[in-house]
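Visitor: After the structure tokens below, expect a handful of questions from me.
The values are calculated or read from the model by the stated rules, or taken from the named source; none is laboratory data. These numbers come from a predicted model, not from an experiment. With ideal geometry, Cβ positions are generated from the backbone for all residues, glycine too; neighbour counts draw on all protein chains shown.
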Amino acid sequence: MLTINIRTMNTLKQVLGVDVAQKELVVTLGRLLADLSIELYAYKVFSNTEKGFSSLLTWVQKLTNPDTEVRFVMEATGVYHQKFAYFLDDHGYALSIVLPNKISNYIRTLEVKTITDKSCSEAIARFGLERKLDNWRRPKKTYKSLQQLTRERDQVVSERSAVKNQLHAESQEAEPHERSLERLKERIRFLSSQEKEIKEDVDQIIKRDVVLKKEVEIISSIPGVGELTAIIILAETYPAYQLHIC
């Protein structure tokens with residue numbers, strides 16, 4: 001017991017590495033000690049739900065030094081990390097979200113022979129202990145809406161392209177079915193109308209936000225970057241982009 005207390009008192013930094021999946025959070029607790037050694041000392045799996053988040057926080061509080069901040073570090077894994085990130089932000093915890101390629105490159109330096117959820121969470125914890133990471137900043141609702149709309153547009157455009165290819169192929173047949181061709185044309189018209197609606201929604205968001213409008217103008221002023229590309233960049237990279245914009 002005495003050894004545990006001494007090690008806790010000599011803790012310089014505490015990190016929870018989180019490997020996020022659709023249904024679960026695989027976590028590893030680590031600490032940087034006064035002699036600059038790293039200790040990974042606890043591992044557990046929690047459900048990726050509100051109930052799981054609460055249980056995780058209770059577990060972390062029991063195993064960490066209350067006098068030293070605990071930083072939560074996780075990868076940006078599609079959408080599966082978002083609810084937990086918002087939960088931590090709502091409760092005032094320090095959080096860093098790292099691009100997956102950074103963690104992948106870091107794992108290679110560790111010479112991990114078998115990559116598992118546990119080894120990933122250990123690597124993320126070690127990464128957070130070794131580096132000074134920026135705090136994650138919750139995106140404004142405006143940028144979140146832009147992200148959803150631009151992703152929806154991408155799906156609509158991809159689907160329309162597939163239908164156009166199907167229409168072209170069927171129209172080249174020896175005896176194409178006219179009603180089938182007409183239905184394909186109708187789907188193309190419908191998808192085009194959806195794309196138009198999405199563009200109108202995006203335009204309305206930008207018009208209502210003076211700062212956002214200025215950001216779009218700055219990025220689209222770069223040669224070869226159009227307005228749509230600028231909007232997608234902002235939607236997908238905010239708030240990281242905010243750290244560098246003039």
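Visitor: Could you check ASP117 against (1) more than 19 Å from ASN135 (Cα to Cα); (2) touching a residue at least 60 places away in the same chain (Cβ under 8 Å); (3) under 14 Å from the mean Cα position of the chain (by Cα) and say which number it fails?
Guide: Just one mismatch for ASP117, condition (3).
Visitor: Any residue in the range 54-64 that is modelled with pLDDT of 95 or more, under 19 Å from LEU133 (Cβ atoms) and of a type in the set (A, V, I, L, M)?
Guide: Yes, some residue in the range 54-64 is modelled with pLDDT of 95 or more, under 19 Å from LEU133 (Cβ atoms) and of a type in the set (A, V, I, L, M).
Visitor: Right, something else. Of the numbered conditions (1) assigned by TED's automatic domain parsing to the domain that holds ALA21; (2) surrounded by 18 or more Cβ atoms within 10 Å (Cβ to Cβ), ARG108 satisfies every one except a single condition; which is it?
Guide: The failed condition is (2).
Visitor: Same structure, new question: Just name the residue that is surrounded by the fewest Cβ atoms within 10 Å (Cβ to Cβ) out of those in the range 140-149 that are touching a helix residue (DSSP H, G or I) at 6+ places or on another chain (Cβ under 8 Å) and at pLDDT below 95.
Guide: Applying the first criterion (touching a helix residue (DSSP H, G or I) at 6+ places or on another chain (Cβ under 8 Å)) to the range 140-149 yields 142-143, 145-147, 149.
Subset that is at pLDDT below 95: 142-143, 145-147.
On the way: THR142: 17, TYR143: 22, SER145: 15, LEU146: 25, GLN147: 19.
Step by step, filter the range 140-149, then rank; the result is SER145.
Visitor: Additional query: On the given criteria, is THR28 modelled with pLDDT of 95 or more, in contact with an Asp or Glu (Cβ under 7 Å, 6 or more places away or on another chain) and not aromatic (Phe, Trp, Tyr)? If you could, list the steps in order and put the result at the bottom.
Guide: Values: modelled with pLDDT of 95 or more: yes; in contact with an Asp or Glu (Cβ under 7 Å, 6 or more places away or on another chain): yes; not aromatic (Phe, Trp, Tyr): yes.
Against the criterion (modelled with pLDDT of 95 or more, in contact with an Asp or Glu (Cβ under 7 Å, 6 or more places away or on another chain) and not aromatic (Phe, Trp, Tyr)), THR28 qualifies.
Visitor: In this structure, does ILE103 turn out to be surrounded by 15 or more Cβ atoms within 10 Å (Cβ to Cβ), out of contact with any Gly (no Cβ under 9 Å at 6 or more places or on another chain) and in a helix (DSSP H, G or I)?
Guide: yes
Visitor: Just give me the residues in the range 58-86 being surrounded by fewer than 18 Cβ atoms within 10 Å (Cβ to Cβ) and outside any loop (DSSP other than H, G, I, E, B), in sequence order.
Guide: Once the filter is applied, which keeps residues that are surrounded by fewer than 18 Cβ atoms within 10 Å (Cβ to Cβ) and outside any loop (DSSP other than H, G, I, E, B), the range 58-86 yields THR58, TRP59, GLN61, LYS62, LEU63, GLN82, LYS83, TYR86.
Visitor: Looking for whichever is closer than 20 Å to VAL79 by Cα and basic (Lys, Arg) here; the options are ARG208, ARG179, ARG151, ARG183. Which one fits?
Guide: ARG151
Visitor: Do you know which residues across the range 114-159 are closer than 16 Å to GLN82 by Cβ, among the hydrophobic types (A, V, I, L, M, F, W, C) and not in a helix (DSSP H, G or I)?
Guide: TRP136
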